[in-house]
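Please read the structure below before turning to the comments.
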Amino acid sequence: MMLTVRELSAGYGGQDAVRKASFSLEAGQWLMICGPNGAGKSTLVKAATGTLPFQGTAELYGQDVRRMQPAALARRVAVLSQRVSTEYDFTVEQVVALGRYAHRKGFLRSADPEGEAQIARALGAVGLADKRAARLSALSGGEVQRVFLAQVFAQDPELLVLDEPVNHLDVTYQKQIFDLIDRWRQAPGRAVMSVVHDLNLARRYGTHALLLDRGRVAAWGEAGVALTRERLAEVYGMDVLGWLRELLRCWETSDKK
Amino acid sequence: MARKLLWWCLPPVLLLTMLLCVCAGSVPLSPGETLQILWRGLTGTEAGGSGEAIILRVRLPRVLCVALTGASLSLCGAAMQGLLRNPLADGSTLGVSSGASLGAILAIVLGIQFPGLPFAGTMVMAMLFAFGSLALILTLAYALDRSLATGTIILIGVVFSMFVSSLMNLLITFAGEKIKSITFWTLGSLSGSTYVNALTLLLALTVCGGALLALGGALNAFALGEEQARHLGVSVRRVKLTVMAAVSVLLGVCVSIGGTIGFVGLVIPHMVRLVLGPDHRRLLPASLLAGAVFLLLADLVGRTLLSPVELPIGVVTSLVGAAAFLVIFYRSRKRGSAQ
């Protein structure tokens, strides 16, 4: 088992946003963490990856994530989030190379025999090999997100965690990013865990899903089993599936014309 | 291309600037003469004479102190800007230098001293107050705005500086003759520097500067945000504490020797970043060298422009610094609103 979470409770300011959550994750899986706003999705992901203090257990291959050194943790778990500062105008290559930070050894963290190859591979995978020397400020929003995706690819983790990675992106970029991650996941020994708002994306790309309802786990299992029409209706307080279908029907009439 | 050029130019430029600053002054001496005197001073074969006295007793220690102070201030600015991902952060804009001054003044007023080490009491108090100020300002900034937005932390720094300055004025008014003028503490001066001062600065810069230079990679990660740095494998707390401690010690030493010389740490890293880009593994060492050159030239202007009247060195750096502050603020705001 790659990640095992048992009875995890966590939150901000003494109030638990997540209560007694349990789930696990194996290599090859893509676990989608779903639920309405304020259900505790980000809190759960942050706690399970050791960013936020919590009660309960979260173990990565049997090791308590709270006891792991930051660099040791970063060699196994990479996080792609949208809260990244771009105050300073780094080049694409500099940002991607930062993904190798935890792998560098030695006094000034300069020795990393695999680094160059990993950086080149990551840049190639996201299709930015020719923008290597470009500055971030010269790129589009979608390209910037791909740069940070290349950074986590270069980090070469076993578990990739995504905290609402495509929220602010156009639909084209969303598909691009999710396809890239899906391809990455299919190599042996890799898994993905992500927070997503869009249930269509969750169902389309997730192998497994975890549905949160006000801090508690309402369902966890294979995506098709966990995200049923009844459960979604219960957790979201409306017939979500019916609404999604209705939305899609708008296009049927316009197709005929 | 410009990067490589700057990189290889800086060390010789620094040496030439130092030579220029030793030559120039109210009694100008030719470079050849100066070099001869320096050589005689180094080999201990002094012949006596007014030129020798001026260079070896007055100008050389001052030039060394100015160069080391400039290097330290500039390096501190660059490191803080990386840590706080805020291009306006600097000892003077955050009020850390003012805090250090207050500590130094308090030490003098209260007569805090270590036996056998005449300046150590002032210096240690300046370092402690620098660290305390930095910790206080950061705590306040985090409490008000976790993203450390450019404006918030600078506003806190300004308010803190004003508060500390009024305390300093109060102390100086009551302490009378014991303390150097308020001008020294608010605008700084390195006239009358000694070789002991230079040696102290060199020691601090070697230890603390070395610690900061070794953190270039980690500061690059910090520049993307603290959370991001943690995800990349940086020991966030350790790096933060190291930077804070190193910066406090360096600023404490600089302030207790030369007073508050403002804006060096703001102007120089910004200019270096324009040429070399934001990679801290290059930015930090280049800022160190360029800061030394900048302060040497500022000191030269200060003591030759209206000679025999000597301008406080902080007047020159603040004139340049205020303009630079506006430019950086404008650019940073424009970038912020474009996203």
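The values are calculated or read from the model by the stated rules, or taken from the named source; none is laboratory data. Small disclaimer: the values here were computed from a predicted structure and weren't measured. Glycine gets a Cβ as well: all are built from the backbone with ideal geometry, and neighbour counts include every protein chain shown. Just so you know, the surface numbers come from the protein's heavy atoms only, side chains and all, with ligands and any DNA or RNA stripped out. Shrake-Rupley method; radii C 1.70, N 1.55, O 1.52, S 1.80 Å.
Accessible area per residue for the protein assembly as shown, computed on protein heavy atoms with a 1.4 Å probe, is 45 Å². Relative contact order of the stretch A:176-257: 15 percent, from C-alpha pairs under 8 Å at least 6 residues apart in sequence. Mean separation of Cα pairs under 8 Å and 6 or more residues apart, divided by the residue count, gives the stretch B:187-299 a relative contact order of 36 percent.
Calculated FRET efficiency, A:GLU234 to A:ALA27, Cβ-Cβ distance, R0 = 30 Å: about 0.45 to the nearest 0.05. A:LYS20: which aspartates and glutamates have alpha carbons under 14 Å from its alpha carbon, excluding same-chain residues fewer than 8 sequence positions away? Answer for A:LYS20, where 14 Å is the Cα cut-off: A:GLU7, A:ASP213, listed by chain and number.
Against the main long axis of the alpha-carbon atoms of chain B, helix B:264-276 sits at an angle near 70°. Within the same chain, aspartates and glutamates fewer than 8 places from B:LYS334 are excluded, and of the rest, those with a Cα less than 12 Å from its Cα are A:GLU87. In this label model, B:LEU35 and B:LYS334 are separated by 4.5 nm, measuring between points 7 Å along each Cα→Cβ vector. Computed over neighbours whose Cβ is under 13 Å from that of A:GLY242, the net charge equals 0, Lys and Arg +1, Asp and Glu -1. The angle separating the long axis of helix B:280-304 from the principal Cα axis of greatest extent in chain B is about 40 degrees. Which part of the stretch A:61-94 falls in the paramagnetic zone of B:SER235, meaning amide N under 20 Å from the point 7 Å along Cα-to-beta-carbon? Answer for this model: A:64-77. The angle between the Cα long axis of helix B:96-110 and the main principal axis of chain B comes to about 60°, on a 0 to 90 degree scale.
Given +1 at the Cβ of Lys and Arg, -1 at the Cβ of Asp and Glu and no other charges, the dipole of the protein assembly as shown around its Cα centre is 300 debye to the nearest 20. For the Cα trace of the stretch A:163-232, dividing Rg by the Kirkwood Rh returns an Rg/Rh value of 0.98.
Within the stretch B:72-166, what whole-number % of the accessible surface is contributed by carbon and sulfur, with the 1.4 Å probe and all protein chains included in the calculation? Its accessible area is 78 percent carbon and sulfur atoms.
The GNM of chain A, with springs linking C-alpha atoms under 10 angstrom apart, assigns the highest mean-square fluctuation among A:ALA233, A:ALA78, A:ALA150 to A:ALA233. Between chain B and chain A, roughly 2600 Å² of accessible surface gets buried, counting both sides and using a 1.4 Å probe.
Take the residue pairs A:LYS41/A:LYS105; A:LYS131/B:LYS240; A:LYS105/B:LYS240; A:LYS105/A:LYS131 and return only those whose Cα atoms are more than 24 Å apart. Table pairs above 24 Å Cα-Cα are A:LYS41/A:LYS105; A:LYS131/B:LYS240; A:LYS105/A:LYS131.
The alpha carbon radius of gyration of the stretch B:1-80, expressed as a multiple of 2.2 N^0.38 Å, is 1.31. Centre-to-centre separation between the Cα atoms of the stretch B:101-166 and those of the stretch B:293-338: 23 Å. The relative contact order of the stretch A:38-146 comes to 22 percent, based on Cα pairs under 8 Å that sit 6 or more residues apart.
Converting the Cα gyration tensor eigenvalues of chain B into ellipsoid dimensions via √(5λ) gives semi-axes, longest first, of 33, 25, 18 Å. Rounded, prolate or oblate, given the Cα gyration tensor of the stretch B:21-177, with a/c below 1.5 counting as rounded? In terms of gyration-tensor shape, prolate. From the alpha carbon centroid of the stretch A:201-240 to that of the stretch A:67-97 is 30 Å. Considering only B:CYS65, B:CYS76, B:CYS21, the mean-square fluctuation computed in a Gaussian network model of chain B, springs between alpha carbons under 10 angstrom, is largest for B:CYS21. Ellipsoid semi-axes for the protein assembly as shown, based on the Cα gyration tensor and the rule √(5λ), read 55, 25, 21 Å when sorted largest first. DSSP finds beta bridges in the stretch A:46-192, and of those with both partners inside it, around 35 percent are antiparallel.
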